[in-house]
Every structure is written in structure tokens, then in C-alpha cells.
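**Q** For reference, the structure I am asking about is given below.
Read-outs throughout are calculated quantities, based only on the coordinates presented, and are distinct from any laboratory measurement. Here the structure is a predicted model, which means the values were calculated and not measured. Neighbour counts are summed over all protein chains in view; Cβ atoms, including those assigned to glycine, are modelled from backbone coordinates with ideal geometry.
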Amino acid sequence: MAVIDVNRLEAQQRERSENKHIIRREDLKISLVSVRPREEIPVHLHEVEEQFYYVLEGEGLLSLGDEVYELRPGIAVAIPPQLPHGVSNPNATSLRYLDFFLVRGP
């Protein structure tokens with residue numbers, strides 16, 4: 001068991017976001033993602049990983065397959081493998097969410 005102070009984790013700077021890696025294992029990855037104002041994470045997919053979001057702060061849009069959904073605090077999203085998805089933040093404040101990857105074994 002471990003207690004992790006997420007506020008003390010160093011943010012990994014990405015082109016459009018900052019990510020704090022909370023847990024990194026082969027079967028599970030948990031990160032705190034902050035999408036910068038007026039940025040987007042382009043549509044992409046994951047071959048074998050299930051992905052889950054839980055929105056903490058800010059608002060944005062989620063492209064999920066052919067649909068677009070609003071993101072706001074309290075929204076949870078489940079994304080199965082091979083479903084195209086992307087996140088955009090058209091606002092002046094950051095969009096922050098917990099990002100979970102679950103990798104199922106063979």
C-alpha cells in the first residue's frame with residue numbers, strides 16, 4: 001500500500017497538456033491530466049487498453065466515435081479499446097481529469 005501526495009508529483013509537460021503520473025504499472029495507469037486552455041488532445045485510439053476519465057475541474061468537449069459530449073466536473077467516461085476519442089478545451093481555464101488505463105491480460 002502507498003500514500004501518494006499528487007500535489008508533490010512533478011508534471012510531465014506535453015505539447016497540449018500536463019500529466020502527473022500517479023500509478024504506472026503494466027496493468028494499470030492512473031494520471032492527473034490538465035488540458036491547457038484552448039488546446040486539444042487529438043482524436044486517437046488505443047488497441048487493447050480500456051480508458052476511463054473522471055472530470056475534476058473545468059469544462060470541455062469529448063469526441064467519442066461519431067458523437068461529441070460535454071465534459072464538466074462529475075462526468076465519468078468509459079472508453080473501450082479501439083474507439084476513437086479526443087478531448088478539446090475551448091475555454092480560458094484548464095480542464096483537469098483523472099485518466100485511468102486498464103490493460104487486461106491475454
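**Q** Among the GluC sites (Glu not before Pro) within the range 1-73, which fall in a DSSP loop and have no more than 14 other Cβ atoms within 10 Å of their own Cβ? Don't skip to the answer; put the middle values down first.
**A** Details: sites: GLU10, GLU15, GLU18, GLU26, GLU39, GLU40, GLU47, GLU49, GLU50, GLU57, GLU59, GLU67, GLU70; in loops: GLU10, GLU15, GLU26, GLU47, GLU59.
Passing both the DSSP loop test and the Cβ count: GLU10, GLU15, GLU26, GLU47.
**Q** List the trypsin sites (Lys or Arg not before Pro) within the range 22-81 that DSSP assigns to loop and that have no more than 14 neighbouring Cβ atoms inside 10 Å.
**A** Hits after loop and neighbour filter: ARG25, ARG38.
**Q** Let me ask another. Work out, step by step, the length gained on full extension between ILE22 and ARG104: first 0.36 nm times the residue separation, then minus their alpha carbon distance; give nm to one decimal.
**A** Between ILE22 and ARG104, full extension yields 27.6 nm more.
**Q** Next question. Only Lys, Arg, Asp and Glu count, each charged at its Cβ (+1, +1, -1, -1), so figure out the dipole size of the chain about its Cα centre, rounded to 20 debye.
**A** 340
**Q** May I ask for log10 I(q)/I(0) of the chain at q = 0.09, 0.13, 0.16, 0.17 Å⁻¹, from a Debye sum over the Cα atoms as equal point scatterers with solvent left out?
**A** Each listed q corresponds, in turn, to -0.22, -0.46, -0.71, -0.80.
**Q** Using 0.36 nm per residue, how much length does the chain from ALA78 to ASP5 gain when fully extended, once their Cα-Cα distance is taken away? Display every interim value, and only then the final one.
**A** Numbers: separation 73, 0.36 × 73 = 26.28 nm, distance 2.55 nm.
Answer, rounded to one decimal: 23.7 nm.
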